[in-house]
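**Q** I have a structure I would like to understand better, so I am pasting it below and will then ask my questions one at a time.
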Amino acid sequence: MNKSLLPLTKFIIAMSAIVPFVFALAQLFAPGLVNSFLWPPPLEPIPAVFLRYTAAAYLALTLGGAYTLSQNDWSTARGFLAFAGPYVAIAIPVSLVSAVTPPGVPLILWLYVFLAIIYVALSLVAWRQQSARASAA
């Protein structure tokens with residue numbers, strides 16, 4: 001039985017680890033960049049202490065993704081993706097509600113929504129492919 005990860009699944013997990021890592025670094029070492037570029041007005045500035053807590057959570061997600069890739073096993077990846085996929089998916093309606101609520105959202109938030117939609121779609125495809133492979137084995 002071949003339970004190793006397919007390339008698409010590895011890519012999704014890698015992105016699930018790399019993106020939070022990049023955001024965590026920015027939150028820890030460049031909070032001004034976060035509040036001026038990654039989370040600009042009209043969004044309210046994020047307090048530094050909250051940025052550190054969020055960075056810690058993102059680093060945990062990064063470690064989970066790295067561990068999952070090191071295991072190269074669908075049963076491990078399934079657990080990781082069962083968290084990471086909904087985490088990103090839930091951000092989409094929250095962003096859309098924020099967009100229609102005054103004062104609205106900055107342009108970069110639309111990029112986040114676009115990337116989140118792609119991520120969720122690819123995650124679903126990877127899940128189906130891996131599940132089919134596991135069932136066929």
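The values are calculated or read from the model by the stated rules, or taken from the named source; none is laboratory data. Only a predicted model underlies this, so the values are computations on that prediction, with no experimental measurement involved. When we count neighbours, we look across all protein chains shown, and the Cβ atoms used for this are built from the backbone with ideal geometry, even at glycine.
**Q** Name the pairs whose Cβ atoms lie under 9 Å apart, with the first residue in the range 31-48 and under 14 Å from Ser98 (Cα atoms), the second charged (D, E, K, R) and loosely packed, with under 13 Cβ neighbours inside 10 Å, and 6 or more positions between them or separate chains?
**A** Correct list of pairs: empty, since none qualify.
**Q** Quick check on Leu61: is it outside any loop (DSSP other than H, G, I, E, B), surrounded by 16 or more Cβ atoms within 10 Å (Cβ to Cβ), at pLDDT 95 or above and touching a helix residue (DSSP H, G or I) at 6+ places or on another chain (Cβ under 6 Å)?
**A** Answer is yes for this residue.
**Q** Name the residues in the range 1-52 that are of a type in the set (S, T, N, Q) and either under 15 Å from the mean Cα position of the chain (by Cα) or surrounded by 15 or more Cβ atoms within 10 Å (Cβ to Cβ) (or both), would you?
**A** If the condition is that a residue be of a type in the set (S, T, N, Q) and either under 15 Å from the mean Cα position of the chain (by Cα) or surrounded by 15 or more Cβ atoms within 10 Å (Cβ to Cβ) (or both), then Thr9, Ser16, Gln27, Asn35 are the ones that fit.
**Q** For the range 64-85, state whether one or more residues are among the aromatic types (Phe, Trp, Tyr), closer than 30 Å to Gln129 by Cα and in contact with a helix residue (DSSP H, G or I) (Cβ under 6 Å, 6 or more places away or on another chain). Break it down stepwise before answering.
**A** As a first pass, look at the range 64-85 and keep what is among the aromatic types (Phe, Trp, Tyr): 67, 74, 80, 83.
Of the ones still in play, those that are also closer than 30 Å to Gln129 by Cα are 67, 74, 80, 83.
From what's left, in contact with a helix residue (DSSP H, G or I) (Cβ under 6 Å, 6 or more places away or on another chain): 74, 80.
Within the range 64-85, one or more residues are among the aromatic types (Phe, Trp, Tyr), closer than 30 Å to Gln129 by Cα and in contact with a helix residue (DSSP H, G or I) (Cβ under 6 Å, 6 or more places away or on another chain).
**Q** Next question. Here is a check on your reading of the model: is Phe80 within 25 Å of Lys3 (Cα to Cα) and either in a helix (DSSP H, G or I) or in contact with a His (Cβ under 9 Å, 6 or more places away or on another chain) (or both)?
**A** yes
**Q** Could you pull out the residue among Ala132, Ala77, Ala136 that is surrounded by 14 or more Cβ atoms within 10 Å (Cβ to Cβ), among the hydrophobic types (A, V, I, L, M, F, W, C) and more than 12 Å from the chain's Cα centre (by Cα)?
**A** Ala77
**Q** Any idea which of Ala82, Ala55 is small (Gly, Ala, Ser), out of contact with any Ser or Thr (no Cβ under 8 Å at 6 or more places or on another chain) and free of Cβ contacts under 8 Å to residues at least 24 places away in the same chain?
**A** Checking each option against the conditions leaves just Ala82.
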